[in-house]
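What follows is a set of notes on a single structure, which appears directly below.
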Amino acid sequence: MKKIEIIFETIYLNRLLDLFSEKGILGYTLIRDIEGKGSTGMKSSDQIGDIFRSNYIFTICEEEKLDSIIEGIRDFIKRYGGKCMVTDVLLITPTVTDQNLKNE
Amino acid sequence: MKKIEIIFETIYLNRLLDLFSEKGILGYTLIRDIEGKGSTGMKSSDQIGDIFRSNYIFTICEEEKLDSIIEGIRDFIKRYGGKCMVTDVLLITPTVTDQNLKNE
Amino acid sequence: MKKIEIIFETIYLNRLLDLFSEKGILGYTLIRDIEGKGSTGMKSSDQIGDIFRSNYIFTICEEEKLDSIIEGIRDFIKRYGGKCMVTDVLLITPTVTDQNLKNE
Amino acid sequence: MTTNLDLIIQNILNPPILFFFLGMLAVFVKSDLSIPQPLSKFFSLFLLIAIGLHGGYELSQSGLTPYILKALSLAVLMAILVPIYSYFILKIKLDVYNAAAVSATYGSISAVTFITGVTYLQSLGVEYGGYMVAAMTLMESPAIIVGLVFAVYFARDKNKKGESEKTNWGEILREAFLNPSVYLLMGALTIGIVTGKNGWESMSPLFGDLFKGILAFFLLDMGLVAAKRMHELKKLGPFLIIFAILMPIVNASVGIALAYFFELTKGDALLLALLSGSASYIAVPAAMRLSVPEANPSIYLPLSLAVTFPFNISLGIPLYYFIINNIWS
Amino acid sequence: MTTNLDLIIQNILNPPILFFFLGMLAVFVKSDLSIPQPLSKFFSLFLLIAIGLHGGYELSQSGLTPYILKALSLAVLMAILVPIYSYFILKIKLDVYNAAAVSATYGSISAVTFITGVTYLQSLGVEYGGYMVAAMTLMESPAIIVGLVFAVYFARDKNKKGESEKTNWGEILREAFLNPSVYLLMGALTIGIVTGKNGWESMSPLFGDLFKGILAFFLLDMGLVAAKRMHELKKLGPFLIIFAILMPIVNASVGIALAYFFELTKGDALLLALLSGSASYIAVPAAMRLSVPEANPSIYLPLSLAVTFPFNISLGIPLYYFIINNIWS
Amino acid sequence: MTTNLDLIIQNILNPPILFFFLGMLAVFVKSDLSIPQPLSKFFSLFLLIAIGLHGGYELSQSGLTPYILKALSLAVLMAILVPIYSYFILKIKLDVYNAAAVSATYGSISAVTFITGVTYLQSLGVEYGGYMVAAMTLMESPAIIVGLVFAVYFARDKNKKGESEKTNWGEILREAFLNPSVYLLMGALTIGIVTGKNGWESMSPLFGDLFKGILAFFLLDMGLVAAKRMHELKKLGPFLIIFAILMPIVNASVGIALAYFFELTKGDALLLALLSGSASYIAVPAAMRLSVPEANPSIYLPLSLAVTFPFNISLGIPLYYFIINNIWS
Ligand SMILES: Nc1ncnc2c1ncn2[C@@H]1O[C@H](COP(=O)(O)O)[C@@H](O)[C@H]1O
Ligand SMILES: Nc1ncnc2c1ncn2[C@@H]1O[C@H](COP(=O)(O)O)[C@@H](O)[C@H]1O
Ligand SMILES: Nc1ncnc2c1ncn2[C@@H]1O[C@H](COP(=O)(O)O)[C@@H](O)[C@H]1O
Ligand code: NA
Ligand code: NA
Ligand code: NA
């Protein structure tokens, strides 16, 4: 499975979630009010109001879906800024066999 | 080394930590009150009370311990829900030689 | 690209950011007030004051820079404690070609 | 003579109640209004401490009279009765685990419903006893135990096939009697009793004067949270929704009957009715999630939070008072 | 006779203003003072509710007189005029998107500037109308719409080459009229009107008595945040910095002229001037970031927060009052 | 005549103190009670601002008399003396770094201990001076400098072998004199002086009337945090535990002797004793962690927070007052 991590401005959360559901992403994990620095300056968590604040989200998805999702995220980042990373993960499910662990 | 990440309901934190110490896991990092969506609906951070709230935890452990820990986590998830992922990481320690970095 | 994750005591944040800029790290993402357990006991988020509190930071950087950065972080950890992990990630940029995704 | 409608309007034209509906409306019109969790926590800690301190102070003035002991006994009786008969009603449609969890939820109480009733009595100028806070505290825990006994007893057979998961009664008792709500309420009550008049005077600028304002703030938050859970009601079907409205009325009526029979005052009768009719949405759901993970929180939480709570604070309070007013006079 | 300097000192020797500068100073001397975000949120929710409730209560006492309707109409007029002429001034140096965003920011209002003006009037013993809170509420949204119409209209050509991004007017209207600030202010205003004297009396120990203290706390926080944004001003160049100081004076003067022409009282005139001269730093920046992502928030936020806001609360208020005082008498 | 026991009971039957023990008890019985960090921060910001404003207001009324200058000088003297002799006592068992860190901790002060003493004097009706807040502010920083000088001076040899880590005195001085506690206290004190009676009147509904209630809330939190650190005491051994109880008594006694010799009033003597006897658990630990990372925070924080603080607020205050009462009369 692939883990897609995205850092984005808080204010665009709903648009990102819309993108997710468009692309058939049904699960995600979100951490609000993180901080960070990048090409667009500092984002900090102690703002008054929602400008210059960041969130972090990740979703685990099947490799087959990856290309289509990444394409959507690339457009998102082009328009709204942010960063996106992809890594390989092994998802542990209650039913998976021990075999999977070895083969990672 | 392996990084084991788990997302679970806040209310079961003590049980997960019990499982960790049972399995000889001595170190972990915890982020409270994250949000997320999955098969059991939305977990949000602005609940009144502790139901429908999630935490995120990860632990770095040796590959030899992995199987035994994963087995415990699988039971945990079967009973209490949640998600678990495993990835490879390189742990940097003050004493490790530069060699390790190259060999990753 | 490489993802360098560091867990460190809140109080040393400025010193770590100084190290980052010394080493030419221009971007990072920071999550404050996480919790954790390790060789130096429990760090919790509900302290009064800043002692025994932890932050989590990560930075994505090019592989060429890795050795120099890790060396600095190793000194940092030796003096101030903390944990550091390195993983491989694929950074998605608005301009990257789909080729990169395949080659990961 | 005040009519039923007057009683309702008197109740609804109360800033805290209106803030509750303002919160609900925010969700329905998709305003982004939100209240960060540390503030919710602050408001609920504040309210628990305030209720406890004030009740303790009043108890320190009144002492423990036979009348008070009678009222406290009736409260405990209701806290044991309600979850028992609720369980068997719920078993009609639900499995053992969910029936146990829902009955525990309804057997326990909602402190905010209680204090909304108190401010209602104050606005009508009707007397009530500070010892009813002690009654409330005593009513929080029993239902957790009753619900769990049902879950363990009636689910024996199922458990046999699974691995032998022993019920950790120590943890459950701690959860029932030492969960933060009960603990803080008992603690503040005790401090209120021990420090008496002097204590209350030094604390009342914060915990007395600001009480209604903070209640309004907290109800705004509860409105937001309750409305966000409402969409889950659709999946639950009519039986449970009707249960969540009728059950409070039934429980309140049983409370009223007992209060009448044992000659409580009108004010105390309303509070006993409200305690009997209200359902928990913090302490009991947390206890159930821990000890009966098989039960579905998307059943017991929305019923309590998004149906019974709004019903009680808007229509329930004046309705129960209307009944009491007619019977007592 | 009070001189201009007296008026300034009278304004500055006010704990809330001093706390604002204490916050700024903390950043300049690199003290680690910080206020967690949930507290900022608490203070701003508190202030909005308090302003709304009190304004609503006063409206419930005064009713809707022709004079009040006149004042409200002038307010709406200013809220539409200001962003229009600001846009064309800003276009001298900025592109369409940034000009639209900055003009929307200055067309809308800052509630904290408004209430700082109110406490100033109170300290001078000058009368003003509670209905000005309604005026403020009406002035929040129009500039968002005006700014967006400009952005969409004048950027048509550019958009043609890109993918056809249709403007989502539904979302924009919701953002304009139902953003948390506007929603809460309207809601509290309505609750204040509906519950009248009784309502206000039950809420005033929290939302009335503590108002100035919480304002001081919030301004301490705003000082910290404003000072942290100051370094961004260097990049903006003199045109915009001068704009951020002159524009409030121009807008306030237009407001004063209208107030004089339509015979508002001195107190109401000051508040209209302040509303016209103040710029938004919460609601409008959020709306602009959402609907005009092409505009650079490092332009419109620091101008409003780190230049116009400090200017208005320290020098603007006494300056505008000095002008009014000389014209009216 | 009040006996020592009466004095203790008078102190302990105080809601804030009782809430402290309620917090501790919650940890011991494993209740899940917790107070989110933004609330702790709110309470401590509130208390610092309130103490500063009120002290400043009183200073603005009294002016700077020779008596006050004497009291302030004694305070500074104690703040320099205590860490010096503490260091040499601690060196018996600890290494340079830990001895320096612990002595800095005990040389500085605890604002909450101070204000608990103030409320104690108020409950006894004993007079004290608002200028003691200035004394407290002056006492916060010197011990940080003294501790660091010891650490740097006595650890020279060790440092030689390691890489040449130069002590960053700029950062250390900023940490000593501009850490958030000192900064906010000084700032609020100044605002209190500058705005005088009018200023205090506008702020007192929040920062005056609610003071004891917020203190109770904060002490509940401190009880939780202190109890959670208690398990670390086991590892520290009897020398340090005894130090953490005897040292406050010694330091307070030296303070009392000086106060008697220089003819301070009874109230001021108690406050000087408390300031001398109390230990820092926020500002100094943070400064030490930054500038002496070699010292173990699991030594200096639990000693101050989990031993000295509870001792001082429960038994120390009445004990010191008992001594003063006997000597002065
Ligand atoms: N090199 C990096 N490593 C980790 N996080 C980054 C990096 N660059 C940017 N970020 C995060 O992405 C956010 C937006 O980046 P940017 O669009 O470059 O301003 C920043 O606020 C950081 O939180
Ligand atoms: N595909 C996914 N990617 C990332 N996080 C997920 C995913 N699915 C579930 N989660 C997280 O795991 C939690 C529990 O998931 P579930 O048990 O499926 O409801 C959710 O609330 C999310 O925080
Ligand atoms: N094995 C581990 N897995 C994950 N996080 C760890 C681990 N060990 C330590 N940590 C984190 O690193 C922090 C400092 O660790 P230590 O220096 O060992 O006390 C802890 O508070 C944890 O947040
Ligand atoms: Na009940
Ligand atoms: Na304006
Ligand atoms: Na001391």
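A few points about this structure:
- Qualifying residue in the stretch D:291-301 (condition: away from ligand 3 (no atom under 16 Å from the Cβ) and closer than 26 Å to D:L72 by Cβ): no
- Residue under evaluation D:V307, criteria (1) β-branched (V, I, T); (2) in contact with a Gly (Cβ under 9 Å, 6 or more places away or on another chain); (3) away from chain B (no Cβ under 14 Å), criterion not met: (2)
- Of residues in the stretch C:17-69 being aliphatic (A, V, I, L, M) and without any contact (Cβ under 8 Å) to a residue 24 or more places away in the chain, the one farthest from F:A226 (Cα to Cα): C:L26
- Selection of the stretch B:17-45 for residues being farther than 21 Å from C:I7 by Cα and of a type in the set (A, V, I, L, M, F, W, C) yields B:L19, B:M42.
- Matching option when the condition is within 14 Å of chain E (Cβ to nearest Cβ) and either surrounded by fewer than 21 Cβ atoms within 10 Å (Cβ to Cβ) or farther than 30 Å from E:P36 by Cβ (or both), among D:K93, D:K70, D:K41: D:K41
- Qualifying residue in the stretch B:49-62 (condition: away from ligand 4 (no atom under 16 Å from the Cβ) and touching a Cys at 6+ places or on another chain (Cβ under 6 Å)): no
- Extreme residue, surrounded by the most Cβ atoms within 10 Å (Cβ to Cβ), among residues of the stretch C:1-15 that are without any contact (Cβ under 8 Å) to a residue 60 or more places away in the chain and within 12 Å of C:Y80 (Cα to Cα): C:I11
- Test result for B:S54, small (G, A, S) and at pLDDT below 95: no
- Matching option when the condition is more than 16 Å from ligand 6 (Cβ to nearest atom) and within 18 Å of D:L72 (Cα to Cα), among D:V194, D:V254: D:V254
- Criterion violated by B:V86 - all others in (1) among the hydrophobic types (A, V, I, L, M, F, W, C); (2) away from chain D (no Cβ under 14 Å); (3) more than 16 Å from ligand 2 (Cβ to nearest atom) satisfied: (3)
- Candidates are the residues of the stretch F:238-281 that are touching a residue at least 12 places away in the same chain (Cβ under 8 Å) and assigned to a loop (DSSP other than H, G, I, E, B); the one that is farthest from F:F309 (Cα to Cα) is F:F262.
- The lone criterion from (1) of a type in the set (A, V, I, L, M); (2) assigned to a helix (DSSP H, G or I); (3) out of contact with any Pro (no Cβ under 7 Å at 6 or more places or on another chain) left unmet by E:V126 is number (2).
- Cβ-Cβ contacts under 8 Å between residues 6 or more apart (or on different chains), taken from a first residue in the stretch B:81-102 that is in a strand (DSSP E or B) to a second residue that is of a type in the set (S, T, Y) and modelled with pLDDT of 50 or more, are listed as B:K83/A:T29; B:T87/A:T87; B:T87/C:T87; B:D88/C:T87; B:L90/C:T87.
- Flag not set for F:V118, criterion: farther than 29 Å from F:T167 by Cα and not in a helix (DSSP H, G or I).
- When F:D32, F:D6 are checked against the criterion of being charged (D, E, K, R), more than 23 Å from F:L121 (Cα to Cα) and over 21 Å from the mean Cα position of the chain (by Cα), a single residue qualifies: F:D32.
- Qualifying residues in the stretch D:319-329 (those that are surrounded by fewer than 23 Cβ atoms within 10 Å (Cβ to Cβ) and not hydrophobic (A, V, I, L, M, F, W, C)) - the one nearest to B:I51 (Cα to Cα): D:N325
- Among the residues making up the stretch C:55-67, those that are within 11 Å of chain B (Cβ to nearest Cβ) and not aliphatic (A, V, I, L, M) are C:N55, C:Y56, C:E63, C:D67.
- Applying the criterion of being within 12 Å of ligand 3 (Cβ to nearest atom) and over 17 Å from C:C84 (Cβ atoms) to the residues of the stretch C:16-36, the residue that is nearest to the other protein chains (Cβ to nearest Cβ) is C:E35.
- Which listed residue is surrounded by fewer than 18 Cβ atoms within 10 Å (Cβ to Cβ), of a type outside the set (D, E, K, R) and away from ligand 3 (no atom under 13 Å from the Cβ), from C:S68, C:S39: C:S68
- Answer residue from the stretch F:73-90, given it is free of Cβ contacts under 8 Å to residues at least 12 places away in the same chain and of a type in the set (F, W, Y) and is surrounded by the most Cβ atoms within 10 Å (Cβ to Cβ) among those: F:Y85
- All positions within the stretch D:282-309 that are buried (at least 23 other Cβ atoms within 10 Å of the Cβ) and without any contact (Cβ under 8 Å) to a residue 12 or more places away in the chain: D:R289
- Scanning the stretch B:24-35 for residues that are more than 14 Å from ligand 2 (Cβ to nearest atom) and surrounded by 17 or more Cβ atoms within 10 Å (Cβ to Cβ) turns up B:I25, B:Y28, B:T29, B:L30.
- Of the criteria (1) crowded, with 19+ Cβ neighbours inside 10 Å; (2) within 30 Å of E:A111 (Cα to Cα); (3) within 13 Å of chain E (Cβ to nearest Cβ), which one A:Y80 fails: (1)
- Index of the failed condition, B:I4 passing every other in (1) over 14 Å from the mean Cα position of the chain (by Cα); (2) part of a strand (DSSP E or B); (3) among the aliphatic types (A, V, I, L, M): (1)
- Listed by position, the helices (runs of 4 or more DSSP H) enclosed by the stretch F:161-231 that each have at least 1 residues that are more than 22 Å from E:L25 (Cβ to Cβ) and within 14 Å of chain D (Cβ to nearest Cβ) are F:180-207, F:211-229.
- Residue match in the stretch F:138-148 (condition: within 29 Å of F:K212 (Cα to Cα), within 14 Å of ligand 6 (Cβ to nearest atom), within 14 Å of chain E (Cβ to nearest Cβ) and not small (G, A, S)): yes
The values are calculated or read from the model by the stated rules, or taken from the named source; none is laboratory data. Everything quoted here is computed from the prediction, not taken from an experiment. Positions of Cβ are generated from backbone atoms using ideal geometry, with glycine treated the same way; all protein chains shown enter the neighbour counts.
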